[in-house]
Amino acid sequence: MRAFLEAENQKMVLVPFHSTAENIAKWIAEELAPVFRGRENVAAMTITLKETEKTSAEVVIDYRGADDA
């Protein structure tokens, strides 16, 4: 797959984990968390990654009362 994407000059992100919907949703949340942490107007963040019409993976980060230490 990687060779095909490279040959077709397609964008890709290589990750050091199995690319399940759950793992990808968690990774996206972890990448975005520092952007939103500590912002006065952001209480929580939800990442929902659809796998099919009926299935999805979801990660919720609640910033309320979080200790940034």
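So the values come out like this:
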{"quantity": "Filter result for A25 (among the small types (G, A, S), modelled with pLDDT of 95 or more and either in contact with a Cys (Cβ under 6 Å, 6 or more places away or on another chain) or in a helix (DSSP H, G or I) (or both))", "calculated": "yes"}
{"quantity": "Positions within segment 19-64 being open to solvent by 80 Å² or more (accessible area, probe 1.4 Å), among the acidic types (D, E) and more than 29 Å from R2 (Cα to Cα), in sequence order", "calculated": "E40"}
{"quantity": "Matching residues, segment 28-46, being out of contact with any Lys or Arg (no Cβ under 8 Å at 6 or more places or on another chain), hydrophobic (A, V, I, L, M, F, W, C) and not in a loop (DSSP other than H, G, I, E, B)", "calculated": "I28, A29, L32, A33, V35, F36, M45"}
{"quantity": "Test set (1) surrounded by 10 or more Cβ atoms within 10 Å (Cβ to Cβ); (2) part of a loop (DSSP other than H, G, I, E, B) - K11 fails condition number", "calculated": "(1)"}
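The values are calculated or read from the model by the stated rules, or taken from the named source; none is laboratory data. This one's a predicted model, so the numbers in the text were calculated from it and none came from an experiment. Quick reminder, even Gly has a Cβ in these numbers, built from the backbone with ideal geometry, and neighbours come from all protein chains shown. Each accessible area value is taken on the protein alone, full model and side chains, heavy atoms only, with ligands, DNA and RNA left out. Shrake-Rupley method; radii C 1.70, N 1.55, O 1.52, S 1.80 Å.
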